[in-house]
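Report on one structure; see the data block that follows.
The values are calculated or read from the model by the stated rules, or taken from the named source; none is laboratory data. Model, not experiment: these values are computed from the prediction. Heads up, the Cβs are rebuilt from the backbone with ideal geometry, glycines too, and the neighbour counts pull from every protein chain shown.
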Amino acid sequence: MQKGDLLYEGKAKSVYRTENEGVVLMEFRDDITAFDGGKKDSLETKGCVNARVSASLFRLLMEHGIPTHFIELLQDRFMRVRALNMIPLEVIVRNVAAGSMSRNYPIAEGTPLNPPVIVIDYKDDSRHDPMLNDDLIIALKILTPEELTRVRDIALRVNSILMQFFSSLGITLVDFKLEFGKADGEIMLGDEISMDSMRLWDKRTGESLDKDVYRFSKGDVMEVYRRVAEKICAGEG
Ligand SMILES: Nc1ncnc2c1ncn2[C@@H]1O[C@H](COP(=O)(O)OP(=O)(O)OP(=O)(O)O)[C@@H](O)[C@H]1O
Ligand SMILES: [Mg+2]
């Protein structure tokens with residue numbers, strides 16, 4: 001697989017063209033950021049670990065019929081994915097109140113949310129990703145009402161699958177962020193699903209097993225990431 005021109009360099013990943021117009025290479029770099037880029041570091045092997053975890057979770061979702069951009073994991077930190085026209089939304093699914101939800105609203109961290117809460121933010125760093133609602137999403141012509149229903153439906157199905165999977169590993173899936181895109185008119189899941197994009201708590205101890213370890217300097221980030229990746233990827237070849 002030929003690595004072509006750099007199409008986009010984000011805060012943690014880079015996207016490259018390939019010889020096939022419908023396929024891009026996604027590089028998971030070792031960079032980690034938090035607080036809108038206010039905290040930045042490079043953690044050796046992080047890219048590789050997150051690429052493996054993402055691949056593993058995309059495979060799991062695809063086995064359950066979820067449409068995703070995932071094609072294959074290449075050596076090290078590269079993933080071949082369908083080239084998507086990204087939808088500028090961050091679709092967040094919450095099963096337990098935490099983070100900004102408890103900061104912004106009167107609900108204690110750790111409060112279970114049943115049914116799960118979907119929050120959709122406008123993905124625009126310069127505007128600090130403001131929260132949207134259904135009417136705004138339609139007024140801004142980001143999605144049609146039918147597409148929005150589809151996005152919500154996929155997000156909830158992904159939640160059920162991942163919640164069950166993590167539960168079987170002794171982990172609570174507190175919340176996570178998804179990004180969607182379109183290829184040939186079809187909406188599918190893109191980007192990544194990793195410890196950078198999920199909030200995971202050890203069921204027994206309540207310990208954070210995700211980027212909060214980095215955000216709030218709770219310990220050795222890579223030790224935690226490696227430990228979680230080990231569990232997620234166990235049973236894979
Ligand atoms: N299948 C895909 N095709 C094209 N672009 C994709 C695909 N999947 C994800 N992307 C985009 O690739 C970029 C990945 O880079 P990265 O996540 O590092 O940056 P970012 O999202 O701009 O910043 P951040 O996530 O740190 O706010 C994102 O813009 C994401 O929307
Ligand atoms: Mg991103």
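General remarks:
- Only one of I120, I138 that is in contact with a Ser or Thr (Cβ under 9 Å, 6 or more places away or on another chain), on the phi < 0 side of the Ramachandran plot and either surrounded by 15 or more Cβ atoms within 10 Å (Cβ to Cβ) or in the same structural domain as L200 (by TED's automatic domain parsing) (or both): I138
- Any hit, segment 6-22, residues being touching a Ser or Thr at 6+ places or on another chain (Cβ under 9 Å), within 14 Å of ligand 2 (Cβ to nearest atom), acidic (D, E) and over 26 Å from E186 (Cβ atoms): no
- Counting only strands (runs of 3 or more DSSP E) wholly contained in segment 1-113, the ones carrying 3 or more residues that are in contact with a Pro (Cβ under 9 Å, 6 or more places away or on another chain) and more than 12 Å from ligand 1 (Cβ to nearest atom) occupy 89-96.
- Pick from segment 179-197, criterion crowded, with 23+ Cβ neighbours inside 10 Å and aliphatic (A, V, I, L, M), ranking: farthest from K231 (Cα to Cα): L189
- Per-region count, segment 9-29, residues among the hydroxyl-bearing types (S, T, Y) and without any contact (Cβ under 8 Å) to a residue 60 or more places away in the chain: 2
Here is a yes/no grid of residues against (1) out of contact with any Lys or Arg (no Cβ under 9 Å at 6 or more places or on another chain); (2) surrounded by fewer than 18 Cβ atoms within 10 Å (Cβ to Cβ); (3) β-branched (V, I, T):
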residue	(1), (2), (3)
Y16	no, no, no
V24	no, no, yes
F35	no, yes, no
D76	yes, yes, no
I92	no, no, yes
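- Selection of segment 154-203 for residues being in a loop (DSSP other than H, G, I, E, B) and within 16 Å of ligand 2 (Cβ to nearest atom) yields E179, G190, D191, E192, I193, S194, M195, D196, S197.
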